[in-house]
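Below is one structure, written out as structure tokens; the observations come after it.
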Amino acid sequence: MKRINNKKKFIKKFIILSMVLSSIFFLNNFFLGKSESIENAIATENYLKNKDGKIKVYAGGENVGIKISTKGVLAVAFSDIETAEGSFTKSPSDNCGIEIGDVILKINGKEVNSSKELKKIINSSNENLTVLVLRDGKELTKSINILNDKNNNKKIGLWVRDSTAGIGTLTFYDKNTGSFGALGHPITDSETEKILTVDKGDILNSTVVNVRKGKVGNPGELKGLFINEKESLGTVEKNTNCGIFGHINSRSFAPDESKLYEVAGRGEVKLGPAQIITTIDEDGPKYYDVVIEKLLNQNTKSAKSMVIRITDEELLRRTGGIVQGMSGSPIIQNGKLVGAVTHVLINKPDVGYGIYIEWMLKDTNIIK
């Protein structure tokens, strides 16, 4: 009888222990499963865009207008101030330690996003200005003395830039996320060569009205015209080393279904024949023959990933090769989107650089 009771106790303990272990196992699997399912969902969202498990995006080639307003205002030049006595005083901004390329974010605690706002704050101030600037990713505080010029106007001896506009080429569009990429290189200030920080921006419909042919020592240019500045195709949200990025208004832009391409990783790009898609007249995007002559082994993002040479006779005849405004033109090889045109060699207008498309996609929410 005692043995039977002991046996019952053992069985009971075994059942309880099994239930506890099962609960622990279940909970572990529940949390692990939940974590893995979230990870898998993210992976699926970011990488498995189509039934075959490959990332596919629409190649661009369309000419687009680009307008951006900067975050803060960019210091581009100093100017000495002529006083009422007829003498010249060194720029107060230069004196206080402001540097060309600094981005002025705030003055006396007020945000500054345009040259008009800057001028208004200066004119309404009767004391030194406390200025918050952004330099190489770090915020610094400076103090500027206001001076009166010969006409009794308040000055700080600084020229600034708060916006820019131009034309370029759309590289890709992802219908799943609405994301786009263009240019393949950053928009920089022409005088300081600093990358402009975007506060807001738009891409617009544009048309090519003229082509200035590229020559040795003199790069060519596509001259474009904004069709309707009030109707935005999409918003520009980022300006990086790999181009400009944002979201397209799907109601304003219909992609060409024939230009849905699988994306090639940088290891898949090969030396040899390829094509670029670009627009050089009102007829819209066309395919032109090129050769990829050199590939750079890169582990970090760069707008100069490959060297390409234009071989298409029609494109050479009409443009001389790669011209300004063609930046962002998609590069297609073996049925895949492999990159985008970024730069031209000034002394070899038929030769230029391209960026791996992988680098551009990593600056969107398409690839993590």
How many residues of the range 191-208 are buried (at least 17 other Cβ atoms within 10 Å of the Cβ) and either polar (S, T, N, Q) or closer than 21 Å to GLU282 by Cα (or both)? The answer is 6
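Which residues, taken from the range 350-366, are outside any strand (DSSP E or B), under 18 Å from VAL269 (Cα atoms) and open to solvent by less than 50 Å² (accessible area, probe 1.4 Å)? Full working, then the answer.
Within the range 350-366, the first condition is being outside any strand (DSSP E or B), and the residues that meet it are 357-366.
Going one step further and asking which of them are under 18 Å from VAL269 (Cα atoms), we end up with 357-362.
Answer for the range 350-366, where residues must be outside any strand (DSSP E or B), under 18 Å from VAL269 (Cα atoms) and open to solvent by less than 50 Å² (accessible area, probe 1.4 Å): ILE357, GLU358, TRP359, MET360, LEU361.
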(1) assigned to a strand (DSSP E or B); (2) more than 24 Å from HIS185 (Cα to Cα); (3) open to solvent by 60 Å² or more (accessible area, probe 1.4 Å) all hold for VAL133 apart from (3)
Please work out if LEU140 is out of contact with any helix residue (DSSP H, G or I) (no Cβ under 7 Å at 6 or more places or on another chain) and either open to solvent by 20 Å² or more (accessible area, probe 1.4 Å) or part of a loop (DSSP other than H, G, I, E, B) (or both). yes
Out of (1) over 12 Å from GLY243 (Cβ atoms); (2) out of contact with any strand residue (DSSP E or B) (no Cβ under 9 Å at 6 or more places or on another chain), what's the single condition that is false for LYS362? (1)
Go through the residues of the range 171-190 one by one and say whether even a single one is open to solvent by 40 Å² or more (accessible area, probe 1.4 Å) and among the aliphatic types (A, V, I, L, M). no
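Tell me, which residue of the range 77-106 that is assigned to a strand (DSSP E or B) and under 12 Å from ILE156 (Cα atoms) is least open to solvent (accessible area, probe 1.4 Å)?
By that ranking, first place goes to ILE81.
Can you name the residue in the range 238-271 that is closer than 27 Å to MET306 by Cβ and among the charged types (D, E, K, R) and, of all such residues, is modelled with the lowest pLDDT?
ASP256
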Could you list all residues from the range 199-251 that are touching a helix residue (DSSP H, G or I) at 6+ places or on another chain (Cβ under 7 Å) and either free of Cβ contacts under 8 Å to residues at least 60 places away in the same chain or not in a strand (DSSP E or B) (or both)? LYS213, GLY214, GLY220, CYS242
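Consider LEU74 carefully, then state whether it is surrounded by 16 or more Cβ atoms within 10 Å (Cβ to Cβ), part of a strand (DSSP E or B) and out of contact with any Ser or Thr (no Cβ under 9 Å at 6 or more places or on another chain).
no
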Just the residues that are aliphatic (A, V, I, L, M) and within 24 Å of ASN218 (Cα to Cα), please, taken from the range 292-330. ILE292, ALA303, MET306, VAL307, ILE308, ILE310, LEU315, LEU316, ILE322, VAL323, MET326
So, GLN275, is that one surrounded by 15 or more Cβ atoms within 10 Å (Cβ to Cβ) and in a loop (DSSP other than H, G, I, E, B) or not? no
Could you grab me the full set of residues in the range 255-277 that are among the basic types (Lys, Arg) and in contact with an Asp or Glu (Cβ under 6 Å, 6 or more places away or on another chain)? ARG266
Scan the range 313-349 for residues that are part of a strand (DSSP E or B) and in contact (Cβ under 8 Å) with a residue 60 or more places away in the chain and report the count. 15
Tally time: how many residues in the range 297-344 are over 17 Å from ILE187 (Cβ atoms), modelled with pLDDT under 95 and open to solvent by 50 Å² or more (accessible area, probe 1.4 Å)? 3
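The values are calculated or read from the model by the stated rules, or taken from the named source; none is laboratory data. Not measured: the values here are computed from a predicted model. Glycine gets a Cβ as well: all are built from the backbone with ideal geometry, and neighbour counts include every protein chain shown. Surface areas here come from the heavy atoms of the whole protein model, side chains and all, with no ligands, DNA or RNA. Shrake-Rupley method; radii C 1.70, N 1.55, O 1.52, S 1.80 Å.
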